[in-house]
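For reference, the structure discussed in these notes is given below.
Please treat every number below as a calculation from the coordinates, not as lab data. What you see is a predicted model, and the numbers here were worked out from it, not measured in a lab. Cβ: placed from backbone, ideal geometry, glycine included. Neighbour counts: every protein chain shown.
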Amino acid sequence: MADSTWTQVGEGVYQRRYDPMDVSVGLVLGPRGATVIDTRNNPAEAQEIINDVAQQFAVPIAAVLNTHAHYDHTFGNQLFAHAGIPIYGHHLITRHFENFERPRLLRVQQDPASEPDKSWAEVALTPPSVPIAESTTVDLGDRELQLIPLGPGHTETDLAIFIPDAGIWFLGDIIEESGPPMFGSGSFPLGWPEVLRSLLKLIDPQHVLIPGHGQAVDRAFVSAQLARFDELAQTLRTAHAASIAVDEIQYSAQLLALWPHEFLREAAVDGYAQLSQHGASGV
């Protein structure tokens, strides 16, 4: 469900949920202006963010952060890049674009009827201008943002963003609240549990967590999703070791309560590919 305005989730930190796809966009205010977190699905949707920031806050946009490479979080990048605004993101976003986003974008641009819900005619892939390969602090003047590259999970490009003085995390699609976490397009279902475990070591119970889709959650929510990811990873490893075909895997009622069967099949395809490539760990 989209918001009609920005919701304050911490001191000087805001979330807005935009349709389509109930995607979260973040806003962090500082003396140098606003930092925008994620840019949505196309230039027109990015322009809506720019207009909304100007209307409600009347401050310049000083920086943009990408939580990960997927189209609904990065296909508006070009508008900010054309304005000379630095874009921070995981250093592997460029590679992910070439492997996943570019082929799909070109297919839809050549045949818009193949995905009529995508308005991508004007999209030009624009990777971050400031690639992040290790934990980095961005100084906004009187406050700091911590950018933490994560291991392979939802993608190999996931970036956790922490605002220490507000106790707020933006985690992109490494967690989701308004729907189940998504697989495919370069996901790592076997590595995802370890990513969540590494995050839980950093997250305090009082911190507020903003998922890529949905409303704010807490540490307990992440712990609950971790339990399901652990069960899924073990299910896939056991089935692969027993040479059970992807379409023959049996899932527990708990897993099916979180993920539709077609989502679990995508997880199995990715998980089996990674197990075949890397052995028992799959990562």
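Checked against the criterion of being over 20 Å from the mean Cα position of the chain (by Cα) and touching a residue at least 60 places away in the same chain (Cβ under 8 Å), the candidates Pro31, Pro20, Pro60 yield just one match: Pro31. Exactly one residue out of Gln47, Gln8 is more than 24 Å from Ile174 (Cα to Cα), surrounded by fewer than 23 Cβ atoms within 10 Å (Cβ to Cβ) and either in contact with a strand residue (DSSP E or B) (Cβ under 7 Å, 6 or more places away or on another chain) or not charged (D, E, K, R) (or both): that is Gln47.
Scanning segment 231-246 for residues being surrounded by fewer than 18 Cβ atoms within 10 Å (Cβ to Cβ) and either within 23 Å of Met21 (Cα to Cα) or out of contact with any Leu (no Cβ under 9 Å at 6 or more places or on another chain) (or both) gives a total of 7. Given the structure, is Asp247 charged (D, E, K, R) and within 29 Å of Thr39 (Cβ to Cβ)? Taking the combined requirement at face value, the residue does not satisfy it. Scanning segment 17-56 for residues that are among the basic types (Lys, Arg) and in contact with a helix residue (DSSP H, G or I) (Cβ under 7 Å, 6 or more places away or on another chain) gives a single hit, Arg40. Checking Thr35, Thr39 one by one, the residue that is assigned to a loop (DSSP other than H, G, I, E, B) and surrounded by 18 or more Cβ atoms within 10 Å (Cβ to Cβ) is Thr39 and no other.
Annotation: of all residues in segment 1-32 being small (Gly, Ala, Ser) and in contact with a Phe, Trp or Tyr (Cβ under 6 Å, 6 or more places away or on another chain), the one that is nearest to Ser178 (Cα to Cα) is Ala2. Thr137 - would you say it is surrounded by fewer than 15 Cβ atoms within 10 Å (Cβ to Cβ) and either of a type outside the set (S, T, N, Q) or over 24 Å from Thr7 (Cα atoms) (or both)? Criteria met by Thr137.
Scanning segment 248-262 for residues being assigned to a helix (DSSP H, G or I), free of Cβ contacts under 8 Å to residues at least 40 places away in the same chain and in contact with a helix residue (DSSP H, G or I) (Cβ under 7 Å, 6 or more places away or on another chain) gives a total of 2. Just one of the listed residues (Ala62, Ala46) is part of a helix (DSSP H, G or I) and touching a Ser or Thr at 6+ places or on another chain (Cβ under 7 Å), namely Ala46. Taking the conditions (1) over 20 Å from Leu147 (Cα atoms); (2) of a type in the set (Lys, Arg); (3) touching a Leu at 6+ places or on another chain (Cβ under 7 Å) in turn, Arg104 satisfies each one other than (3).
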